Amino acid sequence: YQCDWSSDVCSSDLQKETVSQEDADYQQADARIISPADMPIEPAYPRVGVVLGLVFIASTILGLIIVLVIELLDEGFRSGDELERATGVPSIGFVPYVPDIGSYKSLAGYVSGKPNTAFGEAIRTLNWSIGLAFPAPAPKSVLVTSSVPGEGKTTIATCLATSQSVAGRLTVLVDADTRRPCCHELLGVPREPGLVDVLTGAANLDDVLIDRNWSGLVFLPAGSPSPNAPNLLDSKKMYELL
């Protein structure tokens, strides 16, 4: 080293070099490479097969729990046996829900136009079951009713009457729901005059019976609104009319 002894430049540079050399010796690794690592051909984590298996098991258990909860919350009936066990009343038939009747104006027309559908078969089976329930003699009058409005008694009554008439039997459909009659709407006829008018003596039976030549189906509408309708339906005249 060539230094200017009158200054501290040389000793300072020499000190820095010595410290750097000591740091390098101190930080030198005490490990050595045995062999280089091979490039993996697939990921080591996550283990896809195990994860998919666990997901499948968990989703299956979750699905079963959801189905069980839905079954427990379902208060409806899925079969005639369930209905009989709950009510103690024999079940004579079930009819399926029809989401689309196409160009037909009502389910009665749907039964007449498409008798071989599941709904048409169910209505024919219901008619057949009624006959089996009272084999001798066969019933001449069948009452269709429900506990609350909107349960389908109008639909069942019109479809039963249509099915009977299509089978070649002379059938009279009587709409005795004097508070909320709907049969006349499904069949496309006026509500009055009808049953109430006959019972009050305001009209003759022959004048209010509607025959639209639907394979023997004759319709008696509910008639004029009356506050005394329940008493009229329970009268001797109603019994004689039937």
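The values are calculated or read from the model by the stated rules, or taken from the named source; none is laboratory data. These numbers were taken from a predicted model, which means no experiment stands behind them. Neighbour counts run over all protein chains shown; Cβ positions are idealised from the backbone, glycine included. The area values use the complete protein model at the heavy-atom level, side chains included, leaving out ligands, DNA and RNA. Shrake-Rupley method; radii C 1.70, N 1.55, O 1.52, S 1.80 Å.
Determine the pairs where a residue that is within 20 Å of Leu242 (Cβ to Cβ), located within the range 134-158, has a partner that is loosely packed, with under 13 Cβ neighbours inside 10 Å with Cβ atoms under 6 Å apart, the partner being 6 or more residues away or on another chain.
Within 6 Å, the pairs are Ala138/Gly131; Ser141/Leu242; Lys153/Thr145; Lys153/Ser146.
What strands (runs of 3 or more DSSP E) lie completely within the range 160-223 and have 3 or more residues being closer than 27 Å to Phe94 by Cβ? Walk me through it before giving the result.
Values: elements: 171-174, 210-214, 217-220.
Once the strands (runs of 3 or more DSSP E) in the range 160-223 are filtered for at least 3 residues that are closer than 27 Å to Phe94 by Cβ, what remains is 171-174.
Just give me the residues in the range 81-121 being of a type in the set (Ser, Thr, Tyr) and either within 19 Å of Gln164 (Cβ to Cβ) or open to solvent by 70 Å² or more (accessible area, probe 1.4 Å) (or both), in sequence order.
Taking the range 81-121 first, the residues of a type in the set (Ser, Thr, Tyr) are 87, 91, 97, 103-104, 106, 110, 112, 117.
Result: Thr87, Tyr97, Ser103, Tyr104, Ser106, Tyr110, Ser112, Thr117.
Restricting the first residue to the range 211-234 and requiring it to be under 27 Å from Gly168 (Cα atoms) and open to solvent by 30 Å² or more (accessible area, probe 1.4 Å), which pairs with a second residue that is in a strand (DSSP E or B) and at pLDDT 85 or above meet a Cβ separation below 6 Å and a spacing of at least six or different chains?
Within 6 Å, the pairs are Asp211/Val218.
In this structure, is Gly188 open to solvent by 20 Å² or more (accessible area, probe 1.4 Å), more than 25 Å from Trp128 (Cα to Cα) and touching a residue at least 24 places away in the same chain (Cβ under 8 Å)? Even if it seems obvious, please write down each step before you answer.
Numbers: open to solvent by 20 Å² or more (accessible area, probe 1.4 Å): yes; more than 25 Å from Trp128 (Cα to Cα): yes; touching a residue at least 24 places away in the same chain (Cβ under 8 Å): yes.
Yes; evaluated as a whole, the condition is true for this residue.
To keep it simple, each residue is scored yes or no on (1) open to solvent by 100 Å² or more (accessible area, probe 1.4 Å); (2) modelled with pLDDT of 85 or more; (3) part of a helix (DSSP H, G or I).
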| position | (1), (2), (3) |
| --- | --- |
| Tyr26 | yes, no, yes |
| Arg32 | yes, no, no |
| Asp38 | yes, no, no |
| Gly76 | no, no, no |
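Of all residues in the range 147-175, which are open to solvent by 40 Å² or more (accessible area, probe 1.4 Å) and not charged (D, E, K, R)? Give the steps one after another, and end with the answer.
Filtering the range 147-175 down to residues open to solvent by 40 Å² or more (accessible area, probe 1.4 Å) leaves 147-151, 153, 155, 164, 166-170, 172, 174.
Hits for the range 147-175 are Ser147, Val148, Pro149, Gly150, Thr155, Gln164, Val166, Ala167, Gly168, Leu170, Val172, Val174.
Which is among the small types (Gly, Ala, Ser) and either touching a strand residue (DSSP E or B) at 6+ places or on another chain (Cβ under 6 Å) or touching a residue at least 24 places away in the same chain (Cβ under 8 Å) (or both), of Ser112, Ser79, Ser91? Lay out the reasoning, then the answer.
On the way: Ser79 fails: either touching a strand residue (DSSP E or B) at 6+ places or on another chain (Cβ under 6 Å) or touching a residue at least 24 places away in the same chain (Cβ under 8 Å) (or both); Ser91 fails: either touching a strand residue (DSSP E or B) at 6+ places or on another chain (Cβ under 6 Å) or touching a residue at least 24 places away in the same chain (Cβ under 8 Å) (or both).
Answer to the check: Ser112.
Is it the case that Leu170 is aliphatic (A, V, I, L, M), within 21 Å of Phe219 (Cβ to Cβ) and in contact with a Gly (Cβ under 9 Å, 6 or more places away or on another chain)?
On the way: aliphatic (A, V, I, L, M): yes; within 21 Å of Phe219 (Cβ to Cβ): yes; in contact with a Gly (Cβ under 9 Å, 6 or more places away or on another chain): yes.
Answer is yes for this residue.
Tally the residues that are modelled with pLDDT under 90 and over 25 Å from Phe119 (Cβ atoms), restricting the search to the range 54-74. Break it down stepwise before answering.
Of the range 54-74, the ones modelled with pLDDT under 90 are 70-74.
Cutting the leftovers down to over 25 Å from Phe119 (Cβ atoms) gives us 70-73.
Matching residues across the range 54-74 total 4.
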